[in-house]
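Readers should treat all values here as calculations from the given coordinates under stated rules, not as data from a laboratory. For clarity, every value in this text was computed on a predicted model and none was experimentally measured. Glycine gets a Cβ as well: all are built from the backbone with ideal geometry, and neighbour counts include every protein chain shown.
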Amino acid sequence: MWRRLANPAPFWFMRDGLPAVGARLGKRHGRQDRTLQLTRRNALALLADPAGLRAAWRARLARADLDRGHVSQAAALFNDVGLTAQGPVRWGARVTSDNAGVYVVELDRTFETAPIDRGIVAGWLARFPAMTLDGHTPSVDDLVGRLSAFWLPSQTIVYIGCTTVPLSHRVAAYYKTPLGDRSPHRGGYWVKTLSVLDRCWVTWAIDEEDPEKAEGRLLNAFPPAVPDAEALALHDRSRVLPFANLRDARRVAKNHGLRGATETRGRGRA
């Protein structure tokens with residue numbers, strides 16, 4: 001078969017990535033999540049759409065870090081934009097870089113539904129009783145539902161951030177900022193609503209020149225890995241972003257409907 005192809009190449013698929021690859025090829029057989037018959041037609045289709053194949057591959061597993069048993073979509077995303085991934089470390093552990101740069105928070109596996117902690121959400125609402133959702137006072141169910149409407153089942157990446165201060169300082173500040181507090185760092189605060197923070201990892205890359213621009217490249221490279229059906233199911237389908245990123249690369253906010261959910265500069269509610 002390979003002698004008949006214009007560009008002979010090996011194909012490597014991890015088992016958990018087969019459903020995404022099969023879907024990309026339009027397969028509908030009952031075992032597409034476990035098997036792929038690599039016919040000449042399939043091989044040519046994969047070679048004809050390398051970007052789509054790469055997105056499908058990254059959407060499910062990307063690269064496995066066998067030393068840690070950790071599956072990283074973050075490493076593949078960094079690679080896509082020409083950055084060298086470092087780490088990862090578990091949530092709460094020190095990021096070992098004192099340079100400026102970008103960082104990604106991701107889970108160790110995908111979740112079909114958003115693993116939101118209802119108790120945390122209830123506490124958040126109790127702290128900010130003036131919080132509104134679409135102009136009305138929400139219940140815990142309302143908040144959980146709205147947060148869940150931004151969940152992407154195929155993605156492990158839940159937040160992308162950048163910093164001009166040392167990465168070790170910024171990520172440490174991120175860890176210790178309570179949900180809703182403005183400081184020391186409230187960015188990506190939706191992550192704090194998850195019940196699975198102990199399953200989160202942090203990967204980073206150094207960029208001393210322009211971390212914000214690097215963050216923008218990562219945010220722009222993220223959507224191609226998201227299946228169309230998931231993107232269309234988002235509450236704001238015009239901005240396909242990691243769960244806890246509330247603004248896109250142009251700093252345009254998601255249409256999430258929340259107001260008064262965090263402190264303002266004067267320690268009030270924003």
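Observations on the structure shown:
- Those residues of region 123-148 which are surrounded by fewer than 14 Cβ atoms within 10 Å (Cβ to Cβ), more than 14 Å from HIS256 (Cα to Cα) and among the small types (Gly, Ala, Ser), in sequence order: ALA126, ALA130, SER139
- On inspection, ASP236 qualifies as of a type in the set (Asp, Glu), more than 24 Å from PHE78 (Cβ to Cβ), surrounded by fewer than 22 Cβ atoms within 10 Å (Cβ to Cβ) and in contact (Cβ under 8 Å) with a residue 40 or more places away in the chain.
- Residue check, ALA253 of a type in the set (A, V, I, L, M, F, W, C), free of Cβ contacts under 8 Å to residues at least 40 places away in the same chain and touching a strand residue (DSSP E or B) at 6+ places or on another chain (Cβ under 9 Å): yes
- Taking region 247-263 as the range and being of a type in the set (A, V, I, L, M, F, W, C) and either within 19 Å of ALA233 (Cβ to Cβ) or surrounded by 12 or more Cβ atoms within 10 Å (Cβ to Cβ) (or both) as the test, the residues that pass are ALA249, LEU258, ALA261.
- Checked across region 147-165, the condition of being more than 19 Å from the chain's Cα centre (by Cα), closer than 19 Å to LEU218 by Cα and polar (S, T, N, Q) holds for at least one residue.
- Matching residues in region 151-180 - criterion: being free of Cβ contacts under 8 Å to residues at least 24 places away in the same chain, surrounded by fewer than 22 Cβ atoms within 10 Å (Cβ to Cβ) and among the hydroxyl-bearing types (Ser, Thr, Tyr): THR177
- Filtering region 161-195 to residues that are part of a strand (DSSP E or B) and over 21 Å from ALA122 (Cα atoms) leaves GLY161, CYS162, THR163.
- Pick from region 181-221, criterion hydroxyl-bearing (Ser, Thr, Tyr) and surrounded by 20 or more Cβ atoms within 10 Å (Cβ to Cβ), ranking: farthest from LEU83 (Cα to Cα): THR193
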